[in-house]
Every structure is written in C-alpha cells, then in structure tokens.
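First the structure, in the form of structure tokens, and then the observations on it.
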Amino acid sequence: QGHLFIGSTSAVYIYDISDPANPQFRSEYSHATGCDPVVVSGDYAYVTLREGISCSNFFDLNVLEILNVSDVRNPILLDQINMSSPRGLALGCNNKLYVCEGDLGIVQFDLSNPALPFLERRYEQYPAEDLIIKDDLVIATGSQGVYQYSCATDSLALLSFLPFSL
C-alpha cells in the first residue's frame, strides 16, 4: 500500500515509496534490541524479537509483537505474544501467520481478527528458521534442509524435503 517496512535490530522503519526512486521516511517503531523480521498486512504489522547474543538481545525477550500501522506516522503496539524462540515469519494461506521457532518448528496463527492473532497449531516435527509463502506453497528452511508444504487447507501438508548434506 505504498509503504516499505524495514526491520532492524532496534526498530521498524517505515518509508513512503509512492515515488520508488525517492523513498520518504515516515516513522519508526523502536523496540528492545533483537533480531527483527517484520511482515505487514493492511493496518497491522507483526514483528518477532528473539533473545540471544547473535541478535544482540541480552534480555529474556522472545515475543511476537502486533502493531497497528493504520497511521504510518504513529505505529502503536497493540499486544505481545510470548514465544520460545521466534524467527522468520510470513503471511498467507487462508489468512494465517506462520512464525518459525528454530528447532521447535513452525507456529500457525489464525488472523480472523488481525489485531488478536490466535495460536491455532504447532508443527514441531520440522525445524524452521525462515519461510516464504507464494499462493498455496510454503517453502521453509531449517537446520536439516529445505521443506516444501502445501497450505491449501487449514493445515500444512509436507510435499517434499531436500536435506542439507555436509
């Protein structure tokens, strides 16, 4: 919708890109230092913060943050959901939000009410660091390899697995 959201280790930066050659800073949402992927759908942004030295987050903070970004000049934190080790995240597949939790797999949230994501299901059998969704296809990377899922129904169905070889 004409805006670019950039996740950094300490904030989410929002730029107007109606003129792509000349992005204009609109605002930032500052948060605790950590790894900070961000995805946006309509008036809501979803941000994961994870503890650990690699993320420069020395606090015991592992959360999914829900922001109201209807006014891009004033993003507002609506809620935080405690998680174990949130990482990459993606939106799609029947109004779902998927959040990777490393060796703990993938967590699926229902976004029927986008301001209040509902934890619907956990997929603990496959480690996941990050994922990409295109139509009804989910491609996830994990410590063991690359997974391809179908999300044509309300749950993920494994289509294939490509293991990493050492």
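Here are some notes:
- Of the criteria (1) free of Cβ contacts under 8 Å to residues at least 40 places away in the same chain; (2) open to solvent by less than 60 Å² (accessible area, probe 1.4 Å); (3) closer than 25 Å to Ile6 by Cβ, which one Asp110 fails: (3)
- Test result for Asn95, within 14 Å of the chain's Cα centre (by Cα) and surrounded by fewer than 19 Cβ atoms within 10 Å (Cβ to Cβ): yes
Residue-by-condition table, conditions (1) closer than 18 Å to Thr9 by Cβ; (2) under 14 Å from the mean Cα position of the chain (by Cα):
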{"residue": "Asp60", "(1), (2)": "yes, no"}
{"residue": "Val63", "(1), (2)": "yes, yes"}
{"residue": "Asn68", "(1), (2)": "no, no"}
{"residue": "Leu78", "(1), (2)": "no, no"}
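- Complete set of residues in the range 1-43 that are outside any loop (DSSP other than H, G, I, E, B), over 22 Å from Leu78 (Cβ atoms) and charged (D, E, K, R): Asp16
- Residue check for Ala128: small (Gly, Ala, Ser) and surrounded by 18 or more Cβ atoms within 10 Å (Cβ to Cβ): yes
- Selection from the range 104-153 of residues that are hydroxyl-bearing (Ser, Thr, Tyr), touching a strand residue (DSSP E or B) at 6+ places or on another chain (Cβ under 8 Å) and assigned to a loop (DSSP other than H, G, I, E, B): Ser112, Tyr126, Ser143
The values are calculated or read from the model by the stated rules, or taken from the named source; none is laboratory data. Not measured: the values here are computed from a predicted model. Backbone-built Cβ (ideal geometry, glycine too); neighbour counts: all protein chains shown. Accessible surface areas use protein heavy atoms only, side chains included; no ligands, DNA or RNA. Shrake-Rupley method; radii C 1.70, N 1.55, O 1.52, S 1.80 Å.
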